[in-house]
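Please treat every number below as a calculation from the coordinates, not as lab data. What you are looking at is a predicted structure, and each value in this text was computed from that prediction instead of being measured. Virtual Cβ from ideal backbone geometry, glycine too; neighbours counted across all protein chains shown.
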Amino acid sequence: MQSGGTQSVPHNSNQISTNRETVESIVDKFRSGEYLVSVYGLGHVGAPIASVWLRAGVKVIGIDKSQQVIENTRKGVTHIPEPNVNESFTKGLIEGQFLVYDDPIKASVDSKLKMICVPVLIRKNKPDLSIIKEVIISIGKGLKKDDIISIHPSLPPLTTEKVLVPLLEKSSGLKSKIDFSVIYNPERIYEGRAIFDIEEGHPGIVSADDTYSLDLALALFSLMYKKGIIKIFGIKIAEAEKLFEGVYRDVNISLANELAKLCDRLDIDFWEAKKAANSQSFCHIHDPGIGVGGACIPIYPQFIIDVALKNKVNCKITKTGRAINNEMPSYSLSKALRLIRGKYSRKSKITILGLAFRGGVSDTRLSPTFDLLKELARLRIKDVIVHDPLVNNTELIKKFKDVKLVSDLNYAVSGRDLIILATNHKEYANIDSSMLGHTPIYDGRGFLNPAKFEKGLYGGIGRPSLR
Ligand SMILES: NC(=O)c1ccc[n+]([C@@H]2O[C@H](COP(=O)([O-])OP(=O)(O)OC[C@H]3O[C@@H](n4cnc5c(N)ncnc54)[C@H](O)[C@@H]3O)[C@@H](O)[C@H]2O)c1
């Protein structure tokens, strides 16, 4: 590792920084509590990150825009169902290691390292940077010489260089690489095991556009990542890396969906074919399904498509993959409705199992269940129940007036015309004909064992219709 200190450190813009504190001294001051980390956004990413710093013995300031989140955090409670977050918050509050602020500028003034953990959303298929820009401006207003800004959300390539750094410089009056350091550290967590993932699940990725900041990033983030760190010189490479992870998954899911649809038509069991195909070491066919949801996989290809378009590049495979995956809820619903004996009508009673975008989490962002509900509303089918063992926030479905959100599974599946399994929650694993009687089920995740259902009462993505 570079020792830093008063030596001059050249970087790629040929500017020379002098009198920088050594990396070792900075790390020691975080360890001793002299320097603080502030975490902006205490959601699915920020809450576990704040916890990991606390677990590493570092003093943390938590900031969030939501008063509800602030109030809960002050009680040591997070709304994110992640193991060990509440425990870390509570211990940190009791020991005075965890401070909760609602003033983002003061948090910047009081901290040395600022971690940005707010989301970049998609609006009308375009990245919406408004939240991160707001945070950057607040941080800039409280920025001091030699502070460090670490950015975590997945970003369209070049966003840090072209948008965020200029905004930081403008709001602070300071100069990046000379007066302050910028690090990009894309998050790689899998919801439901976030702390484990950060600490020991994957190597962390740290990047910067100058060697001093990169060495600083390596030393600081080594306090968190026990599985090692991949160091990237060039933030734009790390921005791209993170999107590649998501695009790879989205495109491969779309390939699985395409092949599963073909199998549906040919009456071939996709799942058996897939299992055999994947025994070949170069073949990694993914799982098809009723739709791709969550705050990551459906969004990152959109970042790529948008930036490609602006640069006159046609990312055909990425676009096609997105289109195929977007069609899956309506394709699946039309297959499911065919299971209703006779014909479905506006009076059909339909239950959807799962509002979360995938099993084991309560996160409903971009869940395919919302697309199913839109389709059912379009078909004017009103008697619709949604069941989820982990989601009970009825606000989420308030725009679907007649739809009920329930948590009693027996109630949800009794006396219905059709059940659609949309989320692979473990609570659904034992569903079979003895529980459903003569109600048919459409398995949108290939999650259930078809042999456990009477003939004609089970249908599923990529499953033969007649057994
Ligand atoms: N969730 C994941 O599994 C995951 C995985 C990898 C990467 N990411 C990336 O992390 C980013 C953050 O995602 P998330 O899932 O944590 O989002 P989230 O919605 O769960 O949390 C964001 C938090 O930021 C707060 N917030 C909003 N505006 C704010 C502001 N101006 N100042 C302070 N706080 C503010 C919100 O109240 C919320 O608590 C995403 O953009 C995504 O690219 C997420």
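Points worth noting:
- Under 14 Å, Cβ to Cβ, from P389 - net charge with Lys/Arg +1 and Asp/Glu -1: -2
- With a cut-off of 16 Å on the backbone N, the residues of the stretch 391-414 near the modelled label site 7 Å out from K452 along Cα-Cβ are 409-410, 413.
- Point-to-point label distance, E245-D103, nm (Cα→Cβ direction, 7 Å offset): 3.6 nm
- Model label points for K133 and E327, set 7 angstrom from Cα along the Cα-to-Cβ axis, are 3.6 nm apart.
- Mean separation of Cα contacts under 8 Å (6+ apart) over length of the chain, as relative contact order %: 11 percent
- Amide N proximity, the stretch 324-356 versus K382 label position 7 Å along Cα-to-Cβ, cut-off under 16 Å: 345-350
- Neighbour-count order for E87, E241, fewest beta carbons within 10 angstrom listed first: E87, E241
- Anchor K144: aspartates and glutamates whose Cα lies under 13 Å away (excluding residues fewer than 8 positions away in-chain): D110, E169, D179
- The stretch between Y411 and K91, if pulled fully straight at 0.36 nm per residue, gains 111.2 nm over its current Cα-Cα span.
- Taking every DSSP bridge with both residues inside the chain, close to 15 percent are antiparallel.
- Residue exposure sequence - W53, W271 - by fewest surrounding Cβ within 10 Å: W271, W53
- Square roots of 5 times each gyration tensor eigenvalue, C-alpha, the chain, largest first, Å: 46, 24, 19
- DSSP beta bridges in the stretch 24-152 [antiparallel fraction, %, rounded to 5]: 15 percent
- For the stretch 399-439 versus the stretch 269-308, the gap between their alpha-carbon centres in whole angstrom: 26 Å
- Remark: spin-label model distance E258-A56 equals 4.2 nm, labels positioned 7 Å along the Cα→Cβ axis.
- Couplings 3J(HN,Hα) for the stretch 419-424, derived from phi with the Karplus relation 6.51 cos²θ - 1.76 cosθ + 1.60 (θ = phi - 60°), are 10, 10, 8, 9, 10, 8 Hz, where x marks Gly and Pro.
- Applying 1/(1 + (r/R0)^6) with R0 = 35 Å to the Cβ-Cβ distance of K29 and N278 gives a FRET efficiency near 0.10.
- Reach of K426 by Cα under 17 Å, taken over lysines that are not fewer than 8 positions away in the same chain: K452
- Summed over qualifying helices (DSSP H, 4 residues or more, each -39500 (n - 2.57)) and divided by its residue number, the chain shows a 222 nm mean residue ellipticity of -11000 deg cm²/dmol.
- Cα centroid of the stretch 23-100 to Cα centroid of the stretch 217-244, whole Å: 21 Å
- Prolate/oblate/rounded call for the stretch 9-233, Cα gyration tensor, a/c under 1.5 rounded: rounded
- Within straight-line reach of K91, meaning a Cα separation under 29 Å, sit the following lysines at least 8 residues removed in sequence or on another chain: K29, K59, K65, K75, K106, K112, K114, K226, K227.
- Of the beta bridges in the stretch 9-233, as assigned by DSSP with both residues counted there, near 20 percent are antiparallel.
- The stretch 221-326: C-alpha gyration tensor shape, a/c 1.5 cut-off, then a/b vs b/c: oblate
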